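S.K.: Take this structure first; my questions come after.
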Amino acid sequence: MALLNSTMVPLDTLAHDFELEGTDGKTYSLDSFSDREVLVIIFMCNHCPYVKAVLKRLIDLQNEFSSRGVQLVGINPNDAVRYPDDSLDSMKMIAREKGLPFPYLVDPSQGTAKEYNAVCTPDLYVYGKERKLIYRGRIDDNWEHPEKVTRQDLKLALENITTGQPVPSKQIPSMGCSIKWKTS
């Protein structure tokens with residue numbers, strides 16, 4: 001398990017469109033969320049200990065901010081051949097068991113992850129209504145021990161965005177397992 005930090009894509013970068021299948025059998029694109037003011041794209045997977053540790057926090061954030069026009073979307077880019085725990089069937093099981101309140105999509109070509117310059121799981125990108133990047137960084141300051149969190153970076157960013165306040169300019173990279181890229 002290689003630990004990586006997110007690449008910190010430049011703010012104001014436009015979101016890249018995609019067409020990916022969800023665990024619910026539907027196909028999603030950026031337009032699928034055009035009615036939402038804020039879109040949070042999270043590159044995640046099933047087996048990464050970092051994702052497992054923060055998944056409840058992501059579920060809680062979706063539940064808390066849904067009524068304010070925020071939509072989280074999970075995208076799994078991992079090579080499911082070499083990492084069968086990240087297969088679509090396993091994703092469906094996780095979505096069902098955890099009661100994911102947001103779409104969980106599979107990126108079998110890994111093209112979407114590459115377009116977003118995602119490198120780790122979780123790697124997240126927050127876009128406003130015009131789908132320009134507003135925040136990219138960590139969820140909070142203690143992925144491993146939720147009871148020791150002292151700064152909830154993603155929550156603060158969402159609070160500021162949904163109340164018309166500026167997002168803090170200091171954004172700390174997310175960290176997690178490297179995306180499991182396919183080998184040629």
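The values are calculated or read from the model by the stated rules, or taken from the named source; none is laboratory data. Given the structure is predicted, the values throughout are model-derived calculations rather than measurements. Cβ coordinates were reconstructed from backbone atoms using ideal geometry, including for glycine residues, and neighbour counts include every protein chain displayed.
Residue-by-condition table, conditions (1) farther than 27 Å from Pro10 by Cβ; (2) out of contact with any Cys (no Cβ under 6 Å at 6 or more places or on another chain):
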position: Gly111; (1), (2): no, yes
position: Ala118; (1), (2): no, yes
position: Tyr125; (1), (2): no, yes
position: Glu147; (1), (2): yes, yes
position: Lys155; (1), (2): no, yes
position: Glu159; (1), (2): no, yes
position: Pro168; (1), (2): no, yes
position: Gln171; (1), (2): no, yes
position: Gly176; (1), (2): no, no
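S.K.: Hey, does the stretch 47-54 have a residue that's over 18 Å from Leu158 (Cβ atoms), touching a residue at least 40 places away in the same chain (Cβ under 8 Å), in a helix (DSSP H, G or I) and of a type in the set (Lys, Arg)?
M.R.: Taking every residue of the stretch 47-54 in turn, none turns out to be over 18 Å from Leu158 (Cβ atoms), touching a residue at least 40 places away in the same chain (Cβ under 8 Å), in a helix (DSSP H, G or I) and of a type in the set (Lys, Arg).
S.K.: For the subset of the stretch 58-85 comprising residues that are modelled with pLDDT under 95 and either assigned to a helix (DSSP H, G or I) or under 13 Å from the mean Cα position of the chain (by Cα) (or both), which member is nearest to Tyr135 (Cα to Cα)?
M.R.: Filtering first and then ranking leaves Asp85.
S.K.: Between residues in the stretch 93-108 that are touching a residue at least 12 places away in the same chain (Cβ under 8 Å) and residues that are in a strand (DSSP E or B) and surrounded by fewer than 19 Cβ atoms within 10 Å (Cβ to Cβ), which pairs lie under 6 Å by C-beta distance while being six or more apart or on different chains?
M.R.: Pro103/Tyr28; Leu105/Tyr28; Val106/Glu21
S.K.: In the stretch 38-58, how many residues are aromatic (Phe, Trp, Tyr) and over 13 Å from Asn142 (Cα atoms)?
M.R.: Here is the first cut: in the stretch 38-58, the ones aromatic (Phe, Trp, Tyr) are 43, 50.
Among the residues that remain, those that are also over 13 Å from Asn142 (Cα atoms) are: 43.
Adding up the residues that qualify gives 1.
S.K.: Could you tell me whether any residue of the stretch 111-128 is over 14 Å from the mean Cα position of the chain (by Cα), of a type in the set (S, T, N, Q) and assigned to a loop (DSSP other than H, G, I, E, B)?
M.R.: no
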